[in-house]
1. Considering only residues that are charged (D, E, K, R) and farther than 26 Å from ALA42 by Cα, look in the stretch 178-195 and name the one that is least open to solvent (accessible area, probe 1.4 Å).
2. Looking at this structure, is ARG105 closer than 24 Å to VAL143 by Cβ and among the basic types (Lys, Arg)?
3. Within the stretch 308-331, take every residue that is aromatic (Phe, Trp, Tyr) and open to solvent by less than 40 Å² (accessible area, probe 1.4 Å) and give me the one that is nearest to ARG366 (Cα to Cα).
4. Only one of ARG105, ARG94, ARG89, ARG81 is of a type in the set (Lys, Arg) and either touching an Asp or Glu at 6+ places or on another chain (Cβ under 7 Å) or in contact (Cβ under 8 Å) with a residue 60 or more places away in the chain (or both). Can you tell me which?
5. For a quick check of your reading: which helices (runs of 4 or more DSSP H) sit entirely within the stretch 208-290 and have at least 2 residues that are among the β-branched types (Val, Ile, Thr)?
6. If you go through the stretch 83-119 one residue at a time, how many are open to solvent by 60 Å² or more (accessible area, probe 1.4 Å), closer than 30 Å to VAL45 by Cα and part of a loop (DSSP other than H, G, I, E, B)?
7. For residues in the stretch 135-171 being basic (Lys, Arg) and farther than 22 Å from LEU234 by Cα, which is most open to solvent (accessible area, probe 1.4 Å)?
8. How many of the residues making up the stretch 1-20 are buried (at least 17 other Cβ atoms within 10 Å of the Cβ), outside any helix (DSSP H, G or I) and touching a Cys at 6+ places or on another chain (Cβ under 9 Å)?
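The values are calculated or read from the model by the stated rules, or taken from the named source; none is laboratory data. Source: prediction; values computed, not measured. In this analysis, Cβ positions are derived from the backbone assuming ideal geometry, glycine residues included, and neighbour counts consider all displayed protein chains. Heads up: the accessible areas ignore ligands, DNA and RNA and are worked out on the full protein's heavy atoms, side chains in. Shrake-Rupley method; radii C 1.70, N 1.55, O 1.52, S 1.80 Å.
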Amino acid sequence: MSAAGVVHDAVATALAGAGVGEGRRLCCALSGGVDSVALLDALDVLRERFGFALEAAHVHHGLSPLAGEWQAFCAGLCAARGIFLHVFRVDVERDHADGLEAAARAARHMALAQVACDWLVLGHHRDDQAETVLFRLLRGAGVRGAAAMAVCEPPGPGRAGRLRPMLALGREAILACARARGLAWVEDASNVDTDFARNDLRHRILPVIETRFPAARVTLARAASHFRAASELLDELADTDAGACGAEGGALGREALLALSSARFANLLRRELRRLGASPPSAARLAEAMRQLRVVSGPLCFPLGAFACYSYRGRVWLARARVAEPQAFAWQAAVGEIAWAGGVLRCRAATGEGVHAALARAGACRLMPYPAGAVLHLANRPVKGFRKLCQEAGIPVWLRGHLPVLEVDGRIAWAGGLGVTAGFACAPGEAGWLLAWLPGISPSAFSATAPVPRRSGLSSY
């Protein structure tokens, strides 16, 4: 097979394996280097055969005085082939905790994620894979981290799929293809700067390793596939454990979760965080979350970065750690949804239930946070304090300050999670407004095991 045929065949195989076909939208990440240029060329050759629409995206980091020239090169290349080019200019965080390389990579990924497409196609190859495996192992990565990159990462909610069709090819094969096709590309001098960790691995450390292990790049890439298989097995185990823990609405049974071994416990929590799109916490932070879940029998909210581990009334779940502070505002009763404290407040018309529509229309209405220290007289229930009512309703301590309250002419008519107050409840046959608050941290995480009051606003309609 010709040099070009090797690359084009690998790209075609990856496209077919991902099910890319008529009408799919592909975007090639185009830096202007030989790898991305050879990939764009292959996709251009194959787009008529597969029937997909092809675009490209270039990220201008501003880190090199030649960055403008690289952008112009990519623009000219795409214009000559009739390919639309997205250009993103990004500001790279110079004092990033993980260094300039990591900062540039993070900025690039955020920019590319903005492209509306079905598949983002990347020019990574086998040598990149080997370097990534070695780099991550030296930083103490676990099985999933050591699995490095996958040829195909299917699309997810709000996220394009990722394709790396040249991942099994060495850099020499890609160079041979580019030369055979008469392609032009740009060279980034920073790629040989060994002050950067990955470049040091590529140009100094791996060549030394290869004096004793000539096939090191091939075997490291093969090791990545073994790690990936192991990672997939761990995900399957996490699915089994989640089922055994009675996963419901994103929550797990605390007793069953604590019965797992520490390794399976940690594996399940990592998988749940990954499912939510959260960055993995450090091993020490995760271990502390597990320790507190074992020793704290009451309510728990343990931060894990942007997310937190919550435990309440026998259930454990993971969700956003921070929600917006609620602010009071005037409210006109209307069917629809309102954002409130990281969740959603829904309102719909009803008959014989909810807040009496005539009373709501007659007064000045506003939504506000619950006033501290107040007591409530819920319809058909005795007068009780806010804290007691929340305990009975199964509302966790950390959520109580975010409960939405409907006030009509200075009197509380309804409280999220608690219900309608006496004097504002609809009688049978009367028109009403039925309100329901779905808190952002987990709509169903604390309703299954707690006695929910009549007309509770935590449940959906």
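1. Among them, the one singled out is ASP193.
2. yes
3. Checked the stretch 308-331; the qualifying residue nearest to ARG366 (Cα to Cα) is TRP331.
4. Just one listed residue meets the conditions, ARG81.
5. Per the criteria, 216-244.
6. The number of residues fulfilling the criteria is 3.
7. Here the answer is ARG159.
8. So the answer is 1.
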